[in-house]
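A quick write-up on the structure given underneath.
The values are calculated or read from the model by the stated rules, or taken from the named source; none is laboratory data. Predicted model, so just to flag it, every value in this text is computed and none were measured. These area figures cover heavy atoms from the full protein model, side chains too; ligands, DNA and RNA do not enter into them. Shrake-Rupley method; radii C 1.70, N 1.55, O 1.52, S 1.80 Å.
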Amino acid sequence: QVQLVESGGGLVQAGGSLRLSCAASGIIFSINSMGWYRQAPGKQRELVAAITSGGRSNYADFVKGRFTISRDNAKNTVNLQMASLKPEDTAVYYCQVNLQIVAGSFDYWGRGTQVTVSS
């Protein structure tokens, strides 16, 4: 059983910064990728950023260079450095890991951490 533990969410003023972290435990097989998604009330969950175990990263267009994703494969962690935060960034942010298993791959999700950006 895989467990994802997220941290770093909270309340921040517009223009501020937050660093989200996610640590995966209980993983027997290798990790293909880890990433962050977010979902605001009344909206669909959307990809923010993802990074493969090889270090290749992908970002949503709305990030516009404000966010940086990084990982530590040895520690099975992924981080999201968020800068120049805007009120529209307010959402629940979910850590996601794509795990390679014998039968293929499988997505695991964290419980989510609230990020609130005040104006």
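By a 1.4 Å probe calculation restricted to protein chains, Lys43 has an accessible surface near 130 Å², given to the nearest 10. For the chain, the fraction of 1.4 Å probe accessible surface lying on carbon and sulfur atoms is 48 percent. The order of Arg111, Arg71, Arg56 by accessible area, most exposed first and with a 1.4 Å probe, is Arg111, Arg56, Arg71. Measuring only protein heavy atoms, the 1.4 Å probe finds Phe29 accessible over about 100 Å². Given their separation in residues at 0.36 nm each and the Cα-Cα distance between them, Leu11 and Gln81 gain 23.7 nm when the chain is fully extended. Tyr59 contributes an accessible area of around 90 Å² to the protein surface, as traced by a 1.4 Å probe with all chains present. Ordering Glu88, Glu6, Glu46 by accessible surface, largest first, gives Glu88, Glu46, Glu6; the 1.4 Å probe counts only protein heavy atoms, with every chain in place. Accessible-area rank, largest first, for Trp36, Trp109: Trp109, Trp36, with all protein chains present and a 1.4 angstrom probe.
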